[in-house]
Structures are given as C-alpha cells and as structure tokens.
1. Let me spell it out: the conditions are (1) open to solvent by 10 Å² or more (accessible area, probe 1.4 Å); (2) farther than 20 Å from S39 by Cα; (3) of a type outside the set (K, R), and I193 meets all of them except one. Which number is the exception?
2. Does the range 119-135 include one or more residues that are in contact with a helix residue (DSSP H, G or I) (Cβ under 6 Å, 6 or more places away or on another chain), closer than 18 Å to G200 by Cα and at pLDDT 95 or above?
3. If a residue must be under 17 Å from F26 (Cα atoms), hydrophobic (A, V, I, L, M, F, W, C) and either open to solvent by 40 Å² or more (accessible area, probe 1.4 Å) or touching a Cys at 6+ places or on another chain (Cβ under 8 Å) (or both), how many such residues does the range 46-78 contain?
4. Could you say which residue among F238, F222, F174 is assigned to a strand (DSSP E or B) and either more than 15 Å from F26 (Cβ to Cβ) or basic (K, R) (or both)?
5. How about the range 216-229: which of its residues are open to solvent by 50 Å² or more (accessible area, probe 1.4 Å) and either at pLDDT below 90 or touching a Leu at 6+ places or on another chain (Cβ under 7 Å) (or both)?
6. What's the number of the only condition in (1) within 16 Å of the chain's Cα centre (by Cα); (2) in a loop (DSSP other than H, G, I, E, B); (3) over 21 Å from I221 (Cβ atoms) that G76 fails to meet?
7. I'm checking my understanding of the structure. Among residues of the range 109-167 that are in contact with a Phe, Trp or Tyr (Cβ under 8 Å, 6 or more places away or on another chain) and more than 27 Å from E184 (Cβ to Cβ), which one is least open to solvent (accessible area, probe 1.4 Å)?
8. Spot the failing condition for H224; the list is (1) closer than 20 Å to L11 by Cβ; (2) touching a strand residue (DSSP E or B) at 6+ places or on another chain (Cβ under 7 Å), and only one is missed.
Amino acid sequence: MVAPVLEVIDLHKRHGALEVLKGVSFTAAPGEVVALIGSSGAGKSTLLRCINMLDVPDQGTVIVDGEAISMGGPPGHRHPDDPAQLRRIRSEIAMVFQSFNLWSHMTVLRNVMEAPLHVQKRPRAEVEAQARALLDKVGLADKADSWPAQLSGGQQQRAAIARALCINPKVMLFDEPTSALDPELEGEVLRVIKLLADEGRTMILVTHDMRLAADVADRVIFLHQGAIEESGPVAEVFANPRSARLRQFLAAGGRPTGTDLASAADEGVAQA
C-alpha cells in the first residue's frame, strides 16, 4: 500500500468563540487531487492555511511525506516548536492564493526564482533554468522580464503557479485559484491546473467551481460548518450525494453536467 504524502489528523481551529474546524481528518496519496468544496465559511481556506501553518491549529497533526510537524504548547496556544523543521517542510508545500500574492517589486522571473534561491539555497544557474522552463510551461516565456502590474490577472495567477512549482513541492495547495479572475481569463488558468493534474501532481484544491472539481479531482471532500460532511470519489459524490446538505449545496451552486461526470468516471476507471 502506498503511503500518503499528506495526512491531516483531527485538526481543530478556533477564532475567538467561533470553532472554524471541528476535528478534520483526511489523507492524500501521491499524485492524488483532492477537491475541498462547501459554502463560504465552511472552513476550507482555514484548513489549507493550517496545513502549511499560516494558521496554527489548536489541536491535531499535519504529516508531510511521513514527517509530522512538531508542535508545542497547550491546547489553544500551540505553536510549531522547531523553526528549522517548519521552514523545511513549508518548502515542500506550495500554496497558490486567489489573490496571486506576487511580489510587485520583482520581475516575473525573480518572483519564480526567489524561494528556491533564498529558502532552498539552490544554485542560481539551476534555478534560473528551471524558472524559465516553468514560465514556458505556463505560457509566459515572453513575460519573464515583465513586472506583475504589467500582467493580466490570468497571467499573474499562472506566474504564481510557476513560482509554486519551482520549489519542487510534494504537495500543492490551491485556494480558489480562479475566483479573482474574469470569466474569459479563467480558462488559461484552468488549463494549467488540468495539465498539473494529468502530470500526477499531488494537489489540494479549494474551489467553488464544481466543473473544475469534476474535471481534475480524484476525490471530493464536502466541508460543512467546520467538519467533513461527506467525501468520496468525485463521480460518485456528485452523481449520488448521500448528505441532504450536499444535495442542497449542489442544487444551489450548479451540479456538474453529465459530460463532466462521465469524464470523471472514465478517468477513475482508467486509474483503477
């Protein structure tokens, strides 16, 4: 049996009196794409931020490639207690934000190169060659010397994806990667995400786009009020949701089309 590359065990997170996460547990196998869906406020983005410790969970464990992030402190006041380990594990988890988060004072190429150079301490020539290859991969080879402000939203998000890829991550986290884009710009980002899924990248994807989830995910997790309400293979969950709350969510948000579901089912058969 293949060991998971990511394990999330009993994560809890409070913001004041509000319990945002209520004991969330799941795993992701190497090459698996897991879509996190649910209404706004369900805890999806908080869950992503707890995985890479941008938000520190009040309880629970995050394990990356068999190594648990070491935590100290009492419940409610916990903190990563090994800064060197946290930096190293964070360098193996890439996060792509909905607001791009490119550094405005750096060219696109410098944005992509920054973390491998200064966090991973890799040779400049090696990093630059990889960065240029990744920009070409996402369709931005001609934008290497541009500034982020000179790019469209879709181009900025593709640059952010190239930046994430340049650290050679074991897990990629996507937080609503297309929600800040105009509809005509979504397609170019979706094509890149689909390419990464086809390459066998391990990805955790928060999205409100059910068609994106149906097209790229192997498994769907439906969060409701900070807990996992339902999870399973994408085609099964979308075609036959067991939870009344999930059925309501899909009806309100737009259920994937029959073609999307058939495509997801075909992919599942091919991978089995």
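The values are calculated or read from the model by the stated rules, or taken from the named source; none is laboratory data. Just so it is clear, the structure is predicted and the values come from calculations on it, not from any experiment. Backbone-built Cβ (ideal geometry, glycine too); neighbour counts: all protein chains shown. Only protein heavy atoms, including side chains, enter the accessible area calculation; ligands, DNA and RNA are left aside. Shrake-Rupley method; radii C 1.70, N 1.55, O 1.52, S 1.80 Å.
1. Every condition holds for I193 apart from (1).
2. yes
3. Summing the residues that are under 17 Å from F26 (Cα atoms), hydrophobic (A, V, I, L, M, F, W, C) and either open to solvent by 40 Å² or more (accessible area, probe 1.4 Å) or touching a Cys at 6+ places or on another chain (Cβ under 8 Å) (or both) in the range 46-78 gives 2.
4. On the way: F238 fails: assigned to a strand (DSSP E or B); F222 fails: either more than 15 Å from F26 (Cβ to Cβ) or basic (K, R) (or both).
Every option except F174 fails the conditions.
5. Residue satisfying the conditions is E229 alone.
6. (1)
7. Applying the filter and picking the extreme gives E114.
8. H224 satisfies all of (1) closer than 20 Å to L11 by Cβ; (2) touching a strand residue (DSSP E or B) at 6+ places or on another chain (Cβ under 7 Å) except (2).
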